[in-house]
Amino acid sequence: MGKFKILPFWERVKKSIRAHKISQKEFASYVGINYNTMKTWIYYDRVPDAYSACDIASALGVSMEYLTRGSEESAVKDHERETHQRKTTAAKIRKMARRIERDVSLIG
């Protein structure tokens with residue numbers, strides 16, 4: 001597993017909060033996180049639990065990928081790959097269903 005630097009997470013969060021032109025205290029209240037807890041996370045460079053991190057990303061309108069890695073690129077690639085796989089799987093299922101219908105009609 002690769003090592004992640006924690007500091008960039010909070011730097012990205014703080015940058016996004018500033019872009020929304022609100023204070024960290026207002027942001028913490030909006031997200032439903034105790035302000036002192038968030039200050040402690042930032043001060044000690046601690047990544048919040050997954051639920052809180054997702055809430056933070058959602059409230060900022062960014063992805064977890066951006067907050068953790070600083071890049072949306074791999075998230076987009078993952079989404080494109082998953083979409084392609086779903087389409088391919090759906091096409092295979094339709095083909096299999098047509099084959100089964102044909103076989104059933106030959107039997108019946």
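Computed values, structure above
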item	result
Lone unmet requirement of (1) β-branched (Val, Ile, Thr); (2) at pLDDT below 90; (3) not in a loop (DSSP other than H, G, I, E, B) for Thr37	(2)
Check on Asp55, within 27 Å of Lys21 (Cβ to Cβ), modelled with pLDDT of 90 or more and out of contact with any Lys or Arg (no Cβ under 7 Å at 6 or more places or on another chain)	yes
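The values are calculated or read from the model by the stated rules, or taken from the named source; none is laboratory data. Remember, predicted model here, so these are calculated numbers, not experimental data. For neighbour counting, all protein chains shown are included, and Cβ atoms are generated from backbone atoms with ideal geometry for every residue, glycine included.
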